[in-house]
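The values are calculated or read from the model by the stated rules, or taken from the named source; none is laboratory data. This is a predicted model, so every value here is computed, not measured. Ideal geometry is used to build each Cβ from the backbone, glycine not excepted, and the neighbour counts take in all protein chains shown. Accessible surface is based on the protein model in full, side chains and every heavy atom, while ligands, DNA and RNA are left aside. Shrake-Rupley method; radii C 1.70, N 1.55, O 1.52, S 1.80 Å.
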Amino acid sequence: MGLAKKNENNRIYLVFFGMLAIGIAIFAKMSIIQFKEGEQWRSKADSLTIKDEIIPANRGNIYSADGSLLATSIPKYTIYFDPTSPSNEHFEQYIRPFSDSLAKFIPKRSAGEYESYFRKARSNKKRYLHIATKLSYTQYMKLKSFPLFNLGKYKGGMIVNQVHVREYPMGMIANRTIGYERINDDKTITRKGIEAAFTDYLTGKEGKRKVQKMSKSLWKPIHDENEVDPQDGYDIITTIDVYIQDIAHHALLNSLEYYEADHGTVVVMETETGEIKAISNLGKIGDGSYRETVNYAILERQDPGSTFKLASYLALLDDGKADTATIYDTKQGIVQFSGRQVRDSNRRGYGKISLARGFEVSSNTVVTQAVQQAYKDNPTEFTDKMKEFGFNGTLGIDLKGEPASYIPVVGDKNWSKIALPWMAYGYGILVTPLQTLTLYNAVANNGEMVKPQFVKEIRDVNRVIRTFDKEVINPQIVKPKVIKEMQDILKNVMIKGTGKNLHSDDFSMAGKTGTAQMNYGKAKGGMYYASSFVGYFPADNPKYSCIVVIHRPTKHSYYGGDVAGPVFKRIAQKIFTDVPSLKEIKDIETPLPGAVKNYNTYYAKVKQTGTTMPNVVGMPAMDAIAILENLGLKVQTQGIGKVNRQSVKDGEKIIKEQTITLDLS
C-alpha cells in the first residue's frame, strides 16, 4: 500500500516537473520571440498587411509661347467609403444626412437606398464601398464637405485615391508636335512629340505613402500625410504661338477640304531665331474628316519637286557656273538627257530665257540644262554643295524620329546618267518639308541657316531651369551677293512668275511654287501630285518663313500655286492685316491687353466679394475654366482656343452649381 502510494507520488512529481519544464521552455521561447526576434516577426507581419505605395508625381505642363496651356495633368479623384470606421455614435448621427446629400450628388440611388446599403455593409463588415470615379477637384471638395465625410478619414471613413490624367485643352492644335501620353493595355506608356522628347524634364519624382491591406486587392492609406511627397515635373514653354497656329490650322484645313486632298502640312518659322510658331499636320480619316495623325512636316520624306530648285540655283550662282542673266533655250518645253525627257508645264516652252526668268516661271528645262552643263564633268562638286546646304543628314531637332534627307552621290546604287539633271529639279531625292523650309529660311535670313526650335524654356514655376537659344547650323550658306540675287528672284516669282495670282499690293511675299509627281513608276496607289509652296514674308524684311505641302488633291486643281499657295497667302495676310492701318506684323509676344485687364479685374473682384460673375472673354479656355470652377460653377465649353462669349454676363450674381457655357474661338 505504501509502495503504491509512493509510486503514485512519483508520477505526480514527474508530471509536475515535466509540465514545469515545458512551461519554462515556452516562456523562454516567448521571451526570445518578444525581445530578440520580435522586430523580425513584427516586420514580417507588417509586410503582409502594410506596404509602401508609390505616389506618381504630377507631370509638368506644356505651354505655348503666349502662355496658353497646351498640355496638363488634371487631378481626378476616386472615392470609397469604409462604413466600419465611424463610431456607432457618429454613424447613427450622420448616416441619414450623408445619404441625403449623396443622393442629390450622385442620384443613382435614393437616400433610403443609400442608407440601407451602408447599414448592411457595416453589419457585414465591408470596408471598401465605391462611391464615385474621376471626380474633379471641385466635386471632390464638395463630397468631402458632406456629413460624416467631413469628420476626416478615420472618423468619417472617406478613402481617396488620386490620379493625374493628361489632358490637352487646345484639342487638335499642333497635336502631333505637342504629342501625347498614352497608357497601353499592358500598362506601358507610349509618348510622342514634345511629350516624348522632353519627358525627363516633364516627369517629376515619385512620392510614397504607407497603406494597409483592407481586403484581397484593396489597400487604404494609414496616415494623412505622405512619407515622401511627390515632386512635380518641370514645365515646358514651347515656341508655338496659338494665334498663328489657329490661322495655319484652319487655312490648311480649308484647302484640304476644298481640293479633297489626302493629307497636308504647314509650318511657320520665325526667320531670325528658327522658332516654330505654328505646325499643323492633317490627314483624312475614315469618315472623310481631317485629323492630326502623322507629323508629316518632320517625318515624311519625298521628292520635293520644283521647290528644290532654290538649292540648284544657289549652287550655280555661288560656284560661278552661271549668272542670273545667262540665257538658256527651253526648246519648245522639252529637253532630253540619255533618252529621257524633261518637260515644262508650259508645253510650248518659254523660248530663250535667262536663268533668273527660268526660276520665276519654274522652268524644268532651264534648271536641268544649267546644272547638267555646269557639273556633268564633276557631279561630286554639286552633291558636295547640297551637303553644305544641310542635305544628306538631319537637322538635329529635339523631336524624335527625324529621317535624314537623301541625295544620291556618285557610286550609289541609285546613281545614273540622269541622276544629276533629275536632282536639279527635285527628283530622285528625299527631303522632309521642315528640311526644305530651313533652306528657304536661310535665304530669308541673309544666308544664316538656323536650326528649327520647338522649345524656348524649361521652368520650375517661375525659375528658369534651361533656356534654348538660337543655334546656327551654317553662318553663311553662300556669298551675300548670291543671297541678294535669290531674294530678288523670289520676290519676282510673286510679281511676274508662277505666284503672281497670289500677289497683293497690301503686303509683300517671296517664295516658290512646287508641283511634284509622286509615286511615279510604282503601281501601289498610282501616280499623284503633291502641291507645295514655300517662302517668307515680308519680302524685304522677313519675319516669318512658311512651307505648305498638300498631297493628292483630287478636285479643281493640283498646281502648287492654286492649292498650296493660297494657304501661304492666307497665313501672311492674317498676320499682316491684324493691324491693317499700320500694315505691320502683329507683335505676338505681347499679351492681349483686354485679356490681361479682364484677368486682373477678376482677381480684384473675387478678392472683394467673390459673388459676382467675372468677365473671362479673351482668356485661354483652361484659365477661364479654373476661375469659374473655383467659384463653384459648372462649366461647359464649345470649340477650342480662347473664350469668345460667355452665357452668363459679367457682373451678374453667382448662383452656386449654376452652369455657364463658354464659346471658344
**Prompt:** Which cross-chain or sequence-distant (5 or more) residues have an amide H under 5 Å from the amide H of Lys543, H modelled 1.01 Å from N in plane?
**Reply:** Phe537
**Request:** Using a 1.4 angstrom probe, figure out how much accessible area the range 323-387 has per residue, in square angstrom, rounded to the nearest whole.
**Result:** 48 Å²
**Item:** Difference of contour (0.36 nm per residue) and Cα-Cα distance, Gln341 to Gln212
**Value:** 38.5 nm
**Å² of accessible area per residue within the range 435-549, as computed with a 1.4 Å probe and no ligands counted** = 42 Å²
**Request:** Give me the percent of the accessible area of the range 62-128 that comes from carbon and sulfur atoms, probe 1.4 Å, all protein chains in place.
**Result:** 46 percent
**Request:** Just read off the accessible area of Val160 with the full protein assembly in place, 1.4 Å probe, to the nearest 10 Å².
**Result:** 40 Å²
**Prompt:** Under a point spin-label approximation (7 Å from Cα along Cα-to-Cβ), what is the Lys470-Asp319 distance to one decimal in nm?
**Reply:** 3.0 nm
**the range 243-391 - Rg and Dmax from Cα coordinates, angstrom** = 19.1, 54
**Request:** Kindly rank 147-157, 347-357 from highest to lowest mean number of other beta carbons found within 10 Å of each residue.
**Result:** 147-157, 347-357
**Complete:** Expected field for Ile237, accessible surface area in Å² at 1.4 Å probe radius, rounded to 10, holds 30 Å²
**Item:** Distance violations [Cα-Cα > 23 Å] among Lys192/Lys451; Lys331/Lys385; Lys104/Lys125
**Value:** Lys331/Lys385; Lys104/Lys125
**Request:** Give Lys321/Lys512; Lys134/Lys642; Lys205/Lys456; Lys456/Lys656; Lys417/Lys512; Lys484/Lys574 a once-over and call out the pairs whose C-alpha atoms are over 32 Å from each other.
**Result:** Lys456/Lys656
**Prompt:** For the range 59-165, what is the accessible area per residue in Å² when the probe is 1.4 Å?
**Reply:** 48 Å²
**Item:** Sulfur and carbon atoms: percent of accessible area, the range 362-447 [1.4 Å]
**Value:** 45 percent
